[in-house]
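The values are calculated or read from the model by the stated rules, or taken from the named source; none is laboratory data. It should be emphasised that the depicted structure is a prediction, and the values quoted were computed from it without experimental measurement. Cβ: placed from backbone, ideal geometry, glycine included. Neighbour counts: every protein chain shown.
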Amino acid sequence: MNMTSAPAHIAIIGGGIAGLAAAHRLEELSREREVPLRCTVLEASDRVGGTIGTEQRDGFVLEYGPDSFISEKPWALDLCRRLGLEDDLIGTQDRFRTTFVVRHGRLEPLPEGFMLLAPTRLGSLVRSRLFSWPGKLRMGLDLVLPRGPQRDDESLGSFVRRRLGREALERVAQPLVGGIYTADPAELSLAATMPRFLQMERERRSLIYALWRAGRSRPQDAKGASGARWSLFVTLRNGMQQLVDTLVGRLSLGTIRCGSAVRSVQFHDTAWQIERRDGGRLQADGLILATPAFQTARILRSCDADLAERLAAISYSSAATVSLAYRRQDVPHTLNGFGFVVPRIENRAIIAGTFSSVKYLGRAPDGQVLLRAFVGGALQAELFDLDDDEMEDAVRREFAALLGIEAAPLFSLIARYPHSMPQYLVGHLERVAAIEQQVAAHPGLALAGSAYRGVGIADCVRSGEAAAQALLDQLSSVPLQANDSSSGSTLATDTRYMK
């Protein structure tokens, strides 16, 4: 290995979870490979973490954005273990694992064994009050319907309606998937969001039969790839902000610069030239863009207009969370579940509600409860534009109608995330493949984040870590030169080689 004292410099634009995971992975690889390295994280806002944020108030643990991650996808869980956070991980309270669906103003439990789009236990389906008898019989037809036409992609709405019928789409698929992607299922890509079901139809024809077979072949004590110890959803004892704070504390080789919005980038003379909006400049050997696709498009426009156009074509929806704290005695509902989803056909002002202090221990003091509602999304974009008082009033009206809560909350917290949820529309994977092909033509460039191949925290961790490793692999065999001129002047360093 040929090295000099000057480390390679990699800049990461975007300080959300994907950018922080990329920075942390670079540090790990630097130690493992004994490669000198430094990185700079440039974040436009005054804080890192993106949509992740936690507030501790009067014994409550309030989440601004995501309250957990999925353990079946191993990347976030593995990151927590490497960070020494495993003892602070907590799972859901499984005795309350019921999910409710609003039907005609009432909370009806989702039939036991319903797997996102399709039922697996016909007895539970028959007994359910969520569907009409014609709707139940139509779902059962999936067992005898032929395979659909062989397509690379179709909308999730079209797929569910074709296999399971209108009620399955309107009553379950739309609200459940809407809670994940805040999207319109009539436009959402099945291949990009639920490829498992596309594969099931191709291999087994019937979704119900395929899910039943998968359930029988799975060990009784297994709970996904993470093993039996963890529930499907996992969080941290002190909230998801604990993951962000721990990542920041581990960046010994890196610098985080908040309030550092980037105007544009150019590749010139073997290095990336980064121009900040405040006029400052930075030069780096490698560049990871971990920003939303529309921001990435703006940053890259002067460098590659065609790539920027493809990135800008990825649309986004906006969503808000409204957390309300109550005394337990003021909440008539038993709160015997994790929460509820609201079908669009119910014409209500919220997408879903979470019983946060029931789902996870330690989210509220004894004798009090914490509830959270989700507002906006692609199908109710106008509700995101309500001011704070109007939004809280709308949520309180819904909680009064659905949970019987007439009392005023102890306090409320509203967090807004405009243009935060990428919409994986039909053909999304094809668009992403074209974007990746164009990115590969630019030396020392990588993209990361929720815009491409997964919107959850685990997906973003995977995306950031994969970008870090791919970029370091790419740079390891070429001559590097890094300059840093955050005030506008050029600071030259020696040329190094990394192997």
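Given (1) buried (at least 21 other Cβ atoms within 10 Å of the Cβ); (2) within 21 Å of the chain's Cα centre (by Cα), identify the lone condition not met by Phe60.
(2)
Do the conditions hold for Phe100, that is, is it over 30 Å from Thr193 (Cβ atoms), touching a residue at least 60 places away in the same chain (Cβ under 8 Å) and either among the aromatic types (Phe, Trp, Tyr) or assigned by TED's automatic domain parsing to the domain that holds Gln368 (or both)?
On the way: over 30 Å from Thr193 (Cβ atoms): no; touching a residue at least 60 places away in the same chain (Cβ under 8 Å): yes; either among the aromatic types (Phe, Trp, Tyr) or assigned by TED's automatic domain parsing to the domain that holds Gln368 (or both): yes.
No, not satisfied.
Tell me, please, whether a residue that is free of Cβ contacts under 8 Å to residues at least 24 places away in the same chain, in contact with an Asp or Glu (Cβ under 9 Å, 6 or more places away or on another chain) and within 29 Å of Ala446 (Cα to Cα) can be found in the stretch 307-323.
Just the residues of the stretch 307-323 that are free of Cβ contacts under 8 Å to residues at least 24 places away in the same chain, to begin with: 308-309, 312.
Then keep just the ones that are in contact with an Asp or Glu (Cβ under 9 Å, 6 or more places away or on another chain); that gives none.
No: zero hits.
Please go through (1) at positive phi; (2) surrounded by fewer than 19 Cβ atoms within 10 Å (Cβ to Cβ); (3) under 21 Å from the mean Cα position of the chain (by Cα); (4) not basic (Lys, Arg) for Gly362 and return the number of the only condition it doesn't satisfy.
(3)
Which condition from (1) crowded, with 19+ Cβ neighbours inside 10 Å; (2) in contact with a Leu (Cβ under 8 Å, 6 or more places away or on another chain) is the one that Leu125 breaks?
(2)
Quick check, is Arg372 within 20 Å of the chain's Cα centre (by Cα) and at pLDDT 95 or above?
On the way: within 20 Å of the chain's Cα centre (by Cα): yes; at pLDDT 95 or above: yes.
Taking the combined requirement at face value, the residue satisfies it.
Looking at Arg95, is it surrounded by fewer than 15 Cβ atoms within 10 Å (Cβ to Cβ), under 30 Å from Leu169 (Cα atoms), without any contact (Cβ under 8 Å) to a residue 60 or more places away in the chain and not aliphatic (A, V, I, L, M)? Give the derivation first.
Details: surrounded by fewer than 15 Cβ atoms within 10 Å (Cβ to Cβ): yes; under 30 Å from Leu169 (Cα atoms): yes; without any contact (Cβ under 8 Å) to a residue 60 or more places away in the chain: yes; not aliphatic (A, V, I, L, M): yes.
In short, yes.
Counting only residues that are outside any loop (DSSP other than H, G, I, E, B) and more than 16 Å from Leu289 (Cβ to Cβ), which one in the stretch 439-461 is farthest from the chain's Cα centre (by Cα)? Spell out how you get there, then give the answer.
We begin by selecting, within the stretch 439-461, every residue outside any loop (DSSP other than H, G, I, E, B); these are 439-440, 445-447, 457-461.
So of that shortlist, the ones also more than 16 Å from Leu289 (Cβ to Cβ) come out as 457-459, 461.
Numbers: Ile457: 5, Ala458: 7, Asp459: 7, Val461: 10 Å.
Selected residue: Val461.
In this structure, is Ile345 surrounded by fewer than 20 Cβ atoms within 10 Å (Cβ to Cβ) and of a type in the set (Val, Ile, Thr)?
Numbers: surrounded by fewer than 20 Cβ atoms within 10 Å (Cβ to Cβ): yes; of a type in the set (Val, Ile, Thr): yes.
Here the answer is yes, as Ile345 does meet what is asked.
Restricting attention to the stretch 236-253, does a residue exist that is within 25 Å of Ser420 (Cβ to Cβ), modelled with pLDDT under 95 and either polar (S, T, N, Q) or touching a helix residue (DSSP H, G or I) at 6+ places or on another chain (Cβ under 6 Å) (or both)? First the steps, then the outcome.
Step one: of the stretch 236-253, the residues within 25 Å of Ser420 (Cβ to Cβ) are 236, 238-248, 251.
From what's left, modelled with pLDDT under 95: 251.
The next check asks that each one be either polar (S, T, N, Q) or touching a helix residue (DSSP H, G or I) at 6+ places or on another chain (Cβ under 6 Å) (or both); those that pass are 251.
Yes: the stretch 236-253 contains one or more residues that are within 25 Å of Ser420 (Cβ to Cβ), modelled with pLDDT under 95 and either polar (S, T, N, Q) or touching a helix residue (DSSP H, G or I) at 6+ places or on another chain (Cβ under 6 Å) (or both).
Mind telling me which of the residues Leu472, Leu386 ends up being in contact with a strand residue (DSSP E or B) (Cβ under 9 Å, 6 or more places away or on another chain), of a type outside the set (Phe, Trp, Tyr) and modelled with pLDDT under 95?
Working: Leu386 fails: modelled with pLDDT under 95.
Unique residue meeting the criteria: Leu472.
For the stretch 360-386, enumerate the residues that are without any contact (Cβ under 8 Å) to a residue 60 or more places away in the chain and closer than 26 Å to Pro422 by Cβ. Outline the logic, then answer.
Taking the stretch 360-386 as the starting set, the residues that turn out to be without any contact (Cβ under 8 Å) to a residue 60 or more places away in the chain are 366-367, 369, 371, 373, 375, 380, 382-383, 385-386.
Answer for the stretch 360-386, where residues must be without any contact (Cβ under 8 Å) to a residue 60 or more places away in the chain and closer than 26 Å to Pro422 by Cβ: Ala373, Val375, Gln380, Glu382, Leu383, Asp385, Leu386.
So which residues in the stretch 373-407 are closer than 17 Å to Phe60 by Cβ and buried (at least 24 other Cβ atoms within 10 Å of the Cβ), if there are any at all?
Within the stretch 373-407, the first condition is being closer than 17 Å to Phe60 by Cβ, and the residues that meet it are 373, 392, 395, 399, 405, 407.
Selection gives Ala373, Val395.
Go through the residues of the stretch 103-110 one by one and say whether even a single one is touching a residue at least 40 places away in the same chain (Cβ under 8 Å) and either within 20 Å of the chain's Cα centre (by Cα) or more than 26 Å from Pro343 (Cβ to Cβ) (or both).
No, every residue in the stretch 103-110 fails to be touching a residue at least 40 places away in the same chain (Cβ under 8 Å) and either within 20 Å of the chain's Cα centre (by Cα) or more than 26 Å from Pro343 (Cβ to Cβ) (or both).
Would you check if there is a residue in the stretch 200-209 being assigned to a helix (DSSP H, G or I) and under 20 Å from Gly456 (Cβ atoms)? Give the steps one after another, and end with the answer.
Of all residues in the stretch 200-209, those assigned to a helix (DSSP H, G or I) come to 200-204, 207-209.
Retained after the next criterion (residues that are under 20 Å from Gly456 (Cβ atoms)): none.
No, the stretch 200-209 contains no residue that is assigned to a helix (DSSP H, G or I) and under 20 Å from Gly456 (Cβ atoms).
At pLDDT 95 or above and either in contact with a strand residue (DSSP E or B) (Cβ under 6 Å, 6 or more places away or on another chain) or aliphatic (A, V, I, L, M) (or both): is that true of Ala271 in this structure? Quick ask: steps written out before the conclusion?
Values: at pLDDT 95 or above: no; either in contact with a strand residue (DSSP E or B) (Cβ under 6 Å, 6 or more places away or on another chain) or aliphatic (A, V, I, L, M) (or both): yes.
Criteria not met by Ala271.
Hey, among the residues in the stretch 366-416 that are of a type in the set (Gly, Ala, Ser) and out of contact with any helix residue (DSSP H, G or I) (no Cβ under 9 Å at 6 or more places or on another chain), which one's farthest from Asp330 (Cα to Cα)?
If we filter the stretch 366-416 for residues that are of a type in the set (Gly, Ala, Ser), which is where we start, we get 367, 373, 376-378, 381, 394, 400-401, 404, 407-408, 412, 415.
Next cut, out of contact with any helix residue (DSSP H, G or I) (no Cβ under 9 Å at 6 or more places or on another chain) only: 381, 400-401, 404, 415.
Details: Ala381: 31, Ala400: 11, Ala401: 14, Gly404: 9, Ala415: 24 Å.
Within the stretch 366-416, the match that is farthest from Asp330 (Cα to Cα) is Ala381.
I'd like to check something: does the stretch 179-193 contain any residue that is in contact with a Leu (Cβ under 6 Å, 6 or more places away or on another chain), in a loop (DSSP other than H, G, I, E, B) and buried (at least 21 other Cβ atoms within 10 Å of the Cβ)?
Yes: the stretch 179-193 contains one or more residues that are in contact with a Leu (Cβ under 6 Å, 6 or more places away or on another chain), in a loop (DSSP other than H, G, I, E, B) and buried (at least 21 other Cβ atoms within 10 Å of the Cβ).
Kindly indicate whether any position in the stretch 63-70 is surrounded by fewer than 20 Cβ atoms within 10 Å (Cβ to Cβ), out of contact with any strand residue (DSSP E or B) (no Cβ under 8 Å at 6 or more places or on another chain) and under 30 Å from Arg327 (Cα atoms).
Yes, the stretch 63-70 contains at least one residue that is surrounded by fewer than 20 Cβ atoms within 10 Å (Cβ to Cβ), out of contact with any strand residue (DSSP E or B) (no Cβ under 8 Å at 6 or more places or on another chain) and under 30 Å from Arg327 (Cα atoms).
Suppose the filter is within 26 Å of Leu335 (Cβ to Cβ) and assigned by TED's automatic domain parsing to the domain that holds Leu211; does Leu145 pass it?
Working: within 26 Å of Leu335 (Cβ to Cβ): no; assigned by TED's automatic domain parsing to the domain that holds Leu211: yes.
Judged against the criteria, Leu145 is not a match.
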